[in-house]
Amino acid sequence: MGELGRTVDHSTIIRWLRETDTGRLARLWRSADAVRAEHVGDAVHLRALVEISNHCVRQCHYCGLRAGHDRLPRFRMTAEEIQQCVVRAKQLGLGTVVLQTGEDPGLTRATVASLIRRIKSETGMAVTLSLGERTPDELAEWRRAGADRYLLRFETSDQALFARLHPWMPGHPLNRLSTLRLLRDLGYEVGSGVMIGLPRQSLTSLANDLLLFRELELDMIGVGPFIAHPETPLGFGPGGDAKGCTGQVPADELTTCKVVALARLLCPDANIPATTALSALNPAHGIESALGCGANVVMPNFSPQPYRLLYSVYPGKSAGPGEVEAHLRCLRRRIESIGRSIGSGRGDSPHFVSRASRALRIGG
Ligand code: SAH
């Protein structure tokens, strides 16, 4: 795991999060990069992101899709539209499709199950769901229908901060940690993560988030900077009302890279994407920065252009080339220019593969 990996505890994490010396930071990037090369290799896996609905019943204070944003026109793609995006991704050589939405009860258990079955039978691609917090019955049914992976960020391990950002909704209980455990028991490859620089997020809680990644034994870890959305309660600018508070986590690229690197040291064989939020902050080099300090996945957007603009989780999310072939060509060039290759096949998380085969051995 490398010299740094073995010794990552809470105080070490805090020290790295406060570190400003570029020489010492270069050591962190090198260690994370070496652990990445050793445990998940040089291939960068591409995932086709399709944002299939922007309807949402939740009121998350940071998100532009929140139900309270009533000026946002809402869309839900048809099964045919979704399949077109998926087939295109398959033709362009991608092995995984990620279906993401707001929390949309209009996408029923049966609708999603039939989408999954169709994708699996017509393309054989790996299917990742990112549909928010859904019921145990729905999650079980979708797994039976063939879904492979589920992404659900716990957003922050600070319970008071979590409660402030996620207003209680009768009939919609929210317990992301127990849902993550359930997903794992159902046999999903499980991904989670946090935002970096939420207003009033402390370095101490961010260090706890990182340790929780390891405790939850995540197969995938996604972290990105918080980007204020003007139509939300937190829309008052980067860093929010807590700017300048002692211990406030900065919502910047440097902190994001530190968290990517530390996540890699703590969870050596997880898949870790260079997230879209980091690219929104630094369109020119965000991907290269993350890939250079531990990341090994990129998620190009395959959503149709008119819908993409409406999937405005945060400003700048839908920026970038609209034409997917050109975007992929550019991505390939960027990835190869830093000495990495494009992955082929499903690109399962090595962490998942080894825990699944362990479970099989024990079961058999
Ligand atoms: N409804 C799904 C998908 C939400 S969008 C779910 O709840 O899981 C995916 C991720 O975008 C969220 O988990 C959150 O971490 C991130 N996100 C939301 N608003 C954001 C913002 N303003 N800035 C940066 N990231 C944001």
Inter-part gap, Cα centre of the range 310-364 to Cα centre of the range 96-150, in whole angstrom, is 18
Using the Karplus curve 6.51 cos²θ - 1.76 cosθ + 1.60 with θ = phi - 60°, what ³J(HN,Hα) values do you get for each residue of the range 273-280, in whole Hz, with x for Gly and Pro?
x, 7, 7, 4, 5, 5, 5, 5
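Looking at the range 54-130, which GluC sites (Glu not before Pro) are in a loop (DSSP not H, G, I, E or B) and have at most 16 other Cβ atoms within 10 Å? The partial results should precede the final answer.
Numbers: sites: Glu80, Glu81, Glu103, Glu122; in loops: Glu103.
Within the range 54-130, no GluC sites (Glu not before Pro) qualify (loop, at most 16 other Cβ atoms within 10 Å).
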Would you work out which of Gly95, Gln248, Ala263 lies farthest towards the positive end of the dipole of the chain? Charges go on Cβ: Lys and Arg +1, Asp and Glu -1.
Gly95
Computed ³J(HN,Hα) along the range 166-172: with the Karplus parameters 6.51/-1.76/1.60, θ = phi - 60°, integer Hz and x for glycine or proline, the list is 10, x, 4, 10, x, x, 10
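Per the helix-only calculation at 222 nm, which mean residue ellipticity applies to the chain, given -39500 (n - 2.57) for every DSSP H run of n ≥ 4 and division by its residues, nearest 500 deg cm²/dmol? Don't jump to the answer; show the numbers that get you there.
Details: 15 runs with 161 residues, N = 364.
Dividing the helical sum by the residues of the chain leaves -13500 deg cm²/dmol.
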Spatially close lysines, pair count over the chain: Cα under 24 Å, gap of eight or more or interchain
5
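State the extension gain, in nm to one decimal, for the chain segment bounded by Thr22 and Ile338, taking 0.36 nm per residue of separation less the distance between their alpha-carbons.
That pair, Thr22 and Ile338, stretches by 111.7 nm at full extension.
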Report ³J(HN,Hα) in whole Hz for each residue of the range 46-56, in order, from the Karplus equation J = 6.51 cos²θ - 1.76 cosθ + 1.60 where θ = phi - 60°; Gly and Pro get x.
9, 10, 7, 8, 10, 8, 8, 7, 10, 5, 8
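For Arg30 and Thr204, compute 0.36 nm times the residue count separating them, minus their Cα-Cα distance, and round to one decimal in nm.
On the way: separation 174, 0.36 × 174 = 62.64 nm, distance 2.43 nm.
Length gained between Arg30 and Thr204: 60.2 nm.
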Kirkwood-based shape ratio for the chain, expressed as Rg/Rh from alpha carbons:
0.93
Report the dimensions of the range 108-254 along its three principal axes from the alpha-carbon atoms, largest first, rounded to Å.
53, 32, 28
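Which of the trypsin sites (Lys or Arg not before Pro) found in the range 52-97 are loop residues per DSSP with 10 or fewer other Cβ atoms within 10 Å of their Cβ? Present the calculation step by step, with values, prior to reporting the outcome.
Numbers: sites: Arg58, Arg66, Arg71, Arg74, Arg76, Arg88, Lys90; in loops: Arg58, Arg66, Arg71, Arg74.
Answer by residue number: Arg71.
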Here, GluC sites (Glu not before Pro) of the range 287-340 satisfying both criteria (DSSP loop; at most 16 other Cβ within 10 Å) are Glu323
Dipole magnitude of the chain about its Cα centre, charges +1 at Lys/Arg Cβ and -1 at Asp/Glu Cβ only, in debye to the nearest 20?
280
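Bear in mind these aren't lab numbers, they're just calculated from the coordinates by the rules spelled out. Being a predicted model, the structure only gives us computed values, none of them experimental. Neighbour counts run over all protein chains shown; Cβ positions are idealised from the backbone, glycine included.
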